[in-house]
Amino acid sequence: MGRYALRIFREDLTSWVPIVLVIAATSALVGVCANQFAWTSSAAFGAAAGAAGLSAFEFQAVSVTVYAEVALLALFSLSAVGAATVERCRPTFALWRLMGATPGQAARAALLLVGIASAAGSLAGSLASVPLSALLVPAFDGMAAESFSGGLGSFTPPPFSASPAAWALSFALGVATCMLGSVATAARAARVRPVDSLRGGRAGRRGWGGHPVLGWALIACSLATPLAGLPAEGSSGGQLSQAMANLVILAGLLSLLAVVAFGARGVRAALRVAGALPAAVRSPVGRLAARSAAELASRNASAMVPLAAAVGGAGGILLTTARTLEAVMRRLGFSGSFDMTDTYALIGLAAGFALATAVAVLALSARDEGRRQALLRTLGLTPRGVAAAVAWQSALVALGAVLLSLVPIACSSLAALALTWMFWGAPAAYAPLPEALAAGAVVWAALLAARWTQVRGAVRSSPAACLRS
């Protein structure tokens, strides 16, 4: 099976390159964070900080938000990449089953394929993290120290040296997260029936997928977070604002995990709601694109869930928390200005990785997408109709991702409203709906460019040539 998995990877290498690059970028980011933690935890750094009257823990504390952001990025991006890798080859596994392969052989081939892609990307990313850490970590600690009350004082950091343990950790986490993300998909690939090889894109898509009971339980916990961990009425303003911010973030994170738990079931529901748009404008091509998107919900989930995590998680939760915290501080009498630069930087980082993940997932299906459009042309669809279909497909995926992102946005905003109402009787919260819609437009443009790149060759050549490739 290893030989066949390697052949799949090698024969369509162009489609696999974006996936490998996403894994490499994520592993490099994890490696930089690991090197920062290892350096600030070293005895030499602690001695230098102590000599200047500082605590090495302060340098680590200012990085906690970045650590959490990178951890979530790695979780959503790499697990989606692992699942998409197996999903891409599901029809191939059905064909193998028709030719006599056992379910165990199909599962092992799927996991080997993920292992090849994740090992290649993680190795490149972990190696790249070494020079990146030498460049970024000292500069980041210098900027972070500007938030210290007394600045750096006489602090002179020791020479930076990359940690071998950080390199090994970034490589191991990259491979392990991709593999864990692909386990459930590989198990479904192992259960594919031989007859599914004759069903093309619908191969093995029995059942709804996802864990709705777990999803609804997480939603219930998210809605109940305002009742947990509330400070006493006589608490200081700092304690009050910190407690509120933590509860708002917790509510958003629980609801974000609920979106992941719903899986393809939630994606299919979002796509059906989004499918009402082409029906409302009476677009036959749009309705065809909506039906196709719903049928490929399992494949689209690998792109839509990271996008929803970036729009609703990084963007929605962080903006809701920051704006609620600002309202709380204003009510407590703070009249200064609030610097949102770090918040927007974290949102931009998450958005960039989510878009890269979505484009990489779409790149895996480039050959299938070209053949699908060629088949539509044989049925009478014009090149202009193909362009319209691609635009509708991109719009529906972007709109579906925005609809999914409304879950964490709504839950975090409701938590903020409940908390401010319980303390002051005057609810105050900010729901970043305009920002979510703007993000959806950017996602649509990016997906449209990626999808058109996939099919433009099929549009310019004859349908017969595309179907023979």
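Note on the range 248-316: the alpha carbon radius of gyration divided by the globular reference 2.2 N^0.38 Å gives 1.24.
Counting only protein heavy atoms and a 1.4 Å probe, tell me what percentage of the range 241-331's accessible area is made up of carbon and sulfur. Here carbon and sulfur together make up 62 percent of the probe-accessible area.
Go through 254-261, 159-166 and give me the packing order, highest mean Cβ count within 10 Å leading.
Put in order of decreasing packing, that is 254-261, 159-166.
Across the range 101-111, rounded Karplus estimates of 3J(HN,Hα) from the backbone phi angles (6.51 cos²θ - 1.76 cosθ + 1.60, θ = phi - 60°) give 5, 7, x, x, 5, 5, 5, 5, 5, 4, 5 Hz, Gly and Pro being marked x. Each residue of the range 317-327 was assigned a 3J(HN,Hα) from its phi angle through the Karplus expression (A = 6.51, B = -1.76, C = 1.60, θ = phi - 60°), giving 5, 5, 5, 4, 5, 5, 5, 5, 4, 5, 5 Hz with x at Gly and Pro. Proximity of backbone amide H atoms, modeled 1.01 Å from N, is registered between residue 211 and 262, 263 at under 5 Å, excluding neighbours fewer than 5 places apart on the same chain. In order along the range 274-288, the Karplus-derived 3J(HN,Hα) couplings, from 6.51 cos²θ - 1.76 cosθ + 1.60 at θ = phi - 60°, round to 5, x, 5, 5, x, 5, 5, 8, 6, 9, x, 5, x, 5, 5 Hz, and Gly and Pro are given as x. Surface calculation, 1.4 Å probe, protein heavy atoms: residue 93 sits at approximately 0 Å² accessible.
The values are calculated or read from the model by the stated rules, or taken from the named source; none is laboratory data. Note that this is a predicted model, so its numbers are computed, not measured. Every residue, glycine among them, receives a Cβ derived from its backbone with ideal geometry; neighbour counts consider all protein chains shown. Calculation scope for accessible area: heavy atoms of the full protein, side chains included, ligands and nucleic acids excluded. Shrake-Rupley method; radii C 1.70, N 1.55, O 1.52, S 1.80 Å.
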